[in-house]
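Below is one structure, written out as structure tokens; the observations come after it.
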Amino acid sequence: MDIITVKVGILQTNCYILKQGGKAVVIDPGAKVQRIVDALGESQVLAILLTHGHFDHIGALNDLLAVVSVPVYLNPEDEPLLKDSQLNYSFPKRFTVDAPTKPYPVNLELGPFKFEVIDSSGHTEGSVMLKIGDHLFSGDTLFKLSVGRTDLKTGNPTAMKQTLRSIKSLHGPLTIWPGHEEPTTLEDELNQNPYLR
């Protein structure tokens, strides 16, 4: 499986494209749809996966859906963020997403891609992390030596503490691909991230 990182938008959000056998999925298309389309190349897109509903992770969704007609997966708890520009923080250029979304199952199989969907509420009520093989796409839940903020609308510090406890129970040589900044590893975060101690 190939993992392509496309940095997009004013917050340099990591949009991830996973490719295998001519198929692809897109995680968090935050902005700059043409960059995302160019990175997809000739791959057949199977779905768009959202870790949560903030503007910097959904900003190119409408434009991308105009190019590829595929299902969009989102935790239903974050559905209100797609419909409300104040909740998704898309200002001064406000936008909403009208496209229907599908709720995540615990295990999501899309062609060659088999994801385990992990609830990670805290940054938003409906945040999720997506585990595939030895890779974990953590959205804005876990960063290198840090974690996502919980002071925005629908954020919850108590839920984040529970999520961090669940992260500490993960095992194996996981590479962590966060919503911003650079990749890290589970081992490094368990050893060095002050929020996981």
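Quick look at the numbers
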| read-out | value |
| --- | --- |
| Computed lengthening from Glu109 to Ser166, 0.36 nm per intervening residue step minus Cα-Cα distance | 18.2 nm |
| Added length on full extension, which subtracts the Cα-Cα distance from 0.36 nm per residue, Ile10 to Leu145 | 46.4 nm |
| For Leu190, Leu49, order by how many other beta-carbon atoms lie within 10 Å, fewest first | Leu190, Leu49 |
| Helix-only CD estimate at 222 nm, as mean residue ellipticity for the chain, using -39500 (n - 2.57) per DSSP H run (n ≥ 4) | -6000 deg cm²/dmol |
| Potential extension, Asn62-Glu79 segment - 0.36 nm per residue separation minus Cα distance | 4.6 nm |
| Nonlocal Lys pairs with alpha-carbon distance under 13 Å, the chain (8 or more apart, or different chains) | 4 |
| Anisotropy class of region 2-196 from Cα gyration tensor, a/c 1.5 cut | oblate |
| Distance histogram in 10 Å bins (all Cα pairs of region 70-165, percent per bin) | 15, 43, 34, 7 |
| Cα→Cβ-extended label distance, 7 Å offset, between Glu182 and Ile3, nm | 1.5 nm |
| Per-residue HN-Hα couplings for region 100-111 [Karplus 6.51, -1.76, 1.60; θ = phi - 60°; Hz; x = Gly/Pro] | x, 10, 10, x, 6, x, 5, 10, 10, 10, 10, x |
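Every number here is computed from the coordinates shown, using simple stated rules; none is lab data. Keep in mind the model is a prediction, meaning the values are calculated, not measured. Positions of Cβ are generated from backbone atoms using ideal geometry, with glycine treated the same way; all protein chains shown enter the neighbour counts.
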